[in-house]
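Q: Here you go, one structure.
We did not get these values from a lab; they are worked out from the coordinates using the rules stated. Everything numeric here is computed off the predicted structure, so don't read it as measured data. Backbone-built Cβ (ideal geometry, glycine too); neighbour counts: all protein chains shown.
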Amino acid sequence: MFVGIDIGGSKIKGILTDSSGKELSFREITTPGTPNEIDDGIYQLVESLATSASVSKIDIMGVGIGSPGPIDREKGLLLTAPNIPSVSNHPIVKNMEALTGTKVFLENDATVALIGAWWKENVSKYRNWIMITLGTGIGGGVIIDNKVYTGQSGNAMEVGHMTIDFNGRECPCGNRGCWERYASGPAMVELAQSLLKKNRTSSIAERIKKEPLTPLMVFEEAQNRDDTALAIFNEYAVYVGIGISNLVNIFNPEAIILGGGLSRAHKYIIPGARQVVNERSLKGFKGNLQIIPVQDPSKVPSFGAAKIAINSIPQ
Ligand SMILES: [Zn+2]
């Protein structure tokens, strides 16, 4: 059995699978604020995955971890994590191997999402495709001619930090105008706040008196046909489309696969994004291009992390 861990800016998710990819258990916790608490949280997650599937921890042969980059895969370090500020050169692999007594493998979070989609989603008909995860940040991964492209140190495709406005909003990474400052979950919340100032009768305005504004709330109110929620998605979809257009012009892919929590709202995002891609992509690049969501965005990266452990351990 194998465990896949997906460290996100707001949640850490874990899945226990057998080597064929059958899900035995799935759990999630809120992402703690310090590196040591992250180690402890993952360890407890591994224990509860084993307990809830009634298996012994001894039967876990490997743990794969996907983390927000940049990472040093060879040394097993989290170098920094833009959405978890206290992380700096954190030896997560060494620490987790000591805690769990099993082999631990580290990968970039977007690469695990890519591997998860490759394993569990119906993408085998494509040889050149890009995965984009829309969440607390924006991650990316690319399959080129049926191979994962990871770059020289495993950090390729940090698409969330591609500049889409060179004088634009400041980003925690230190640059300005990064894509994820316009098309991540927190960016959608900012967009919603600014549109709500002009639309005070929105059902969102009522709900935020009692609960925090989240992308999920905007999605729910879009489902209820709230005009402001639909307007938020229309504008948000344009930002998503601008980033995708840049990637299409560089990679000329067959498909863009959308994952991450926000991809659940794909029916409000893909049509608008597609229109922008049609307007901005070079002639000949957009003809056969598919833009499609993953089936289960919450589990795809954890599955991918487990698959990395499976592939790394001879059986
Ligand atoms: Zn940035």
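Q: Along the charge dipole of the range 122-293, pointing to its positive end and built from +1/-1 on Cβ of Lys, Arg, Asp and Glu, which listed residue (P271, G154, Q193) has its Cα farthest out?
A: Working it through, the farthest residue towards the positive pole turns out to be P271.
Q: Translational D (Stokes-Einstein, µm²/s) of the range 122-293 at 10 °C and 1.306 mPa s when Rh comes from the Kirkwood sum over C-alpha pairs? Intermediate values should be presented prior to the final figure.
A: On the way: Rh = 16.6 Å.
Rounded to a whole number, D works out at 96 µm²/s.
Q: Next question, about the same structure. Which shape class applies to the range 231-281: rounded if a/c is under 1.5, otherwise prolate when a/b exceeds b/c and oblate if not, where a ≥ b ≥ c are the square roots of the Cα gyration tensor eigenvalues? Each step should come with its number before you reach the end.
A: Values: a/c = 2.30, a/b = 1.39, b/c = 1.66.
Here the range 231-281 falls in the oblate category.
Q: What nm value, rounded to one decimal, do you get for the distance between K198 and E211 when each label is placed 7 Å out toward the C-beta?
A: Here the answer is 2.7 nm between the modelled labels.
Q: Please report how far the C-alpha centroid of the range 239-268 lies from that of the range 24-103, rounded to the nearest whole angstrom.
A: What the calculation gives is 29 Å, centre to centre.
Q: Additional query: Lysines near K210 by alpha-carbon distance under 21 Å, same-chain residues fewer than 8 away left out - which ones?
A: K197, K198
Q: Which of the peptides 286-296, 70-80 is most tightly packed, and how do the rest follow, going by the mean number of other Cβ atoms within 10 Å of each residue?
A: Working: 286-296: 16.5, 70-80: 18.1.
Top of the packing list down: 70-80, 286-296.
Q: Compare the peptides 56-63, 265-272, 19-26, 113-120 by average per-residue count of other Cβ atoms within 10 angstrom and give them in order, highest first. Walk me through the numbers on the way to the answer.
A: Values: 56-63: 16.9, 265-272: 19.5, 19-26: 14.6, 113-120: 25.9.
Averaged packing, sorted descending, gives the order 113-120, 265-272, 56-63, 19-26.
Q: Related question: Rounded to the nearest 10 degrees, what's the angle between the helix 300-312 long axis and the longest principal axis of the chain, both from Cα atoms, 0 to 90?
A: 30
Q: Given R₀ = 30 Å, FRET efficiency for N234-T30 by Cβ-Cβ distance, to 0.05? Present the calculation step by step, with values, prior to reporting the outcome.
A: Working: r = 31 Å, r/R0 = 1.04.
Computed FRET efficiency for N234 and T30 comes out at 0.45.
Q: Using only helices, what value at 222 nm comes out for the chain when you add -39,500 (n - 2.57) per DSSP H run of length 4 or more and divide by the total residues, to the nearest 500 deg cm²/dmol?
A: Values: 10 runs with 122 residues, N = 315.
Per the formula, -12000 deg cm²/dmol.
Q: Please enumerate, by chain and number, the aspartates and glutamates with C-alpha under 13 Å from the C-alpha of K120, excluding those fewer than 8 residues away in the same chain.
A: E23, D296
Q: Convert 37 °C to kelvin, take the viscosity as 0.692 mPa s, use the Kirkwood radius over C-alpha pairs of the range 1-139 as Rh, and evaluate the Stokes-Einstein diffusion coefficient in µm²/s, rounded to a whole number.
A: Working: Rh = 15.3 Å.
D = 215 µm²/s.
Q: Roughly speaking, what % of Cα-Cα pairs in the chain are separated by over 24 Å, rounded to a whole number? Walk me through the numbers before you get to the answer.
A: Values: 26049 of 49455 pairs.
The calculated P(r) of the chain puts 53 percent of pairs beyond 24 Å.
Q: With only alpha-carbon atoms counted, please give the Rg and Dmax of the range 216-315, in Å.
A: Values for the range 216-315 (Cα only, Rg and Dmax): 16.2, 55 Å.
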